[in-house]
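The values are calculated or read from the model by the stated rules, or taken from the named source; none is laboratory data. Remember, predicted model here, so these are calculated numbers, not experimental data. Don't worry about glycine lacking a Cβ; one is built from the backbone with ideal geometry, like all the others, and counts go over all protein chains shown. The accessibility values were calculated without ligands, DNA or RNA, using every heavy atom of the protein model including side chains. Shrake-Rupley method; radii C 1.70, N 1.55, O 1.52, S 1.80 Å.
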Amino acid sequence: MKTIITIGRQYGSGGREIGQKLAKAYDIPYYDKELLKVAAKESGLCEELFENFDERPTTSFLYSLVMDPYALGYNASSFDLPLNHKVFLAAFDAIKSIADKGPCVIVGRCADYALSDYENTLHVFIHGEAEDKLKRITEIYQVPEEKAKDFMIKTDKQRASYYNYYTSKKWGDLKSYDMTINSSCFGIDGTVEMIQKAVAMREAE
């Protein structure tokens with residue numbers, strides 16, 4: 001096993017569980033929220049900053065101003081980047097650092113974009129039917145049924161805004177990934193099996 005698997009996912013599609021099962025099957029590291037700890041440690045920035053900006057859109061002028069007033073040009077001698085860009089670049093570097101150590105599974109955080117120059121990768125996007133995603137959100141993530149739909153839509157919008165803002169690609173677009181899978185059609189284990197077959201084919205080349 002030498003492939004690095006990146007997983008983009010719609011909220012409630014089971015992307016996290018699929019990633020965890022793949023990592024366990026291959027006995028390789030799994031990174032989701034764990035990536036934030038690595039990025040904080042390597043960059044020296046506070047871990048809380050990564051949690052605040054994690055896969056969220058960065059269009060809030062006021063928030064950037066409050067968090068880092070000099071980064072928006074209010075100090076003529078300052079050529080510093082806005083704080084949200086610092087955090088993204090630190091996460092970007094952490095993803096590459098992790099990938100340089102060997103095969104792993106990385107969920108979200110524009111990992112497919114960060115590793116676009118790496119040949120030993122398989123970039124996957126997991127999506128699903130609304131009914132199945134809502135059921136998963138209420139049962140597994142314990143989100144109240146009356147709030148699940150709005151929460152799902154909001155989370156996916158945040159992920160899309162984050163991805164589209166920082167990359168030259170579009171979140172969920174077929175051209176952005178090596179394969180996209182509807183987990184509603186194949187189930188969690190079936191999706192894991194399909195990705196394993198794709199990895200085997202990739203490594204047999």
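For segment 139-160: of the residues being β-branched (Val, Ile, Thr) and surrounded by fewer than 19 Cβ atoms within 10 Å (Cβ to Cβ), which is nearest to residue 186 (Cα to Cα)?
Here the residue is 140.
Within 16 Å of residue 9 (Cα to Cα), of a type outside the set (Lys, Arg) and in a loop (DSSP other than H, G, I, E, B): which single residue out of 113, 118, 163, 141 fits that description?
So the residue among 113, 118, 163, 141 that is within 16 Å of residue 9 (Cα to Cα), of a type outside the set (Lys, Arg) and in a loop (DSSP other than H, G, I, E, B) is 141.
Please find, within segment 102-120, the residue that is most open to solvent (accessible area, probe 1.4 Å) out of those that are in contact (Cβ under 8 Å) with a residue 40 or more places away in the chain and more than 9 Å from residue 4 (Cβ to Cβ).
For segment 102-120, the residue satisfying everything is 113.
Restricting to segment 121-138, name every residue that is open to solvent by 40 Å² or more (accessible area, probe 1.4 Å) and either assigned to a strand (DSSP E or B) or aromatic (Phe, Trp, Tyr) (or both).
The answer is 127, and nothing else.
Just checking, how many residues over segment 7-65 are at pLDDT below 75, among the small types (Gly, Ala, Ser) and open to solvent by 40 Å² or more (accessible area, probe 1.4 Å)?
1
Could you check segment 94-144 and list, in sequence order, the residues that are basic (Lys, Arg) and within 28 Å of residue 201 (Cα to Cα)?
96, 101, 109
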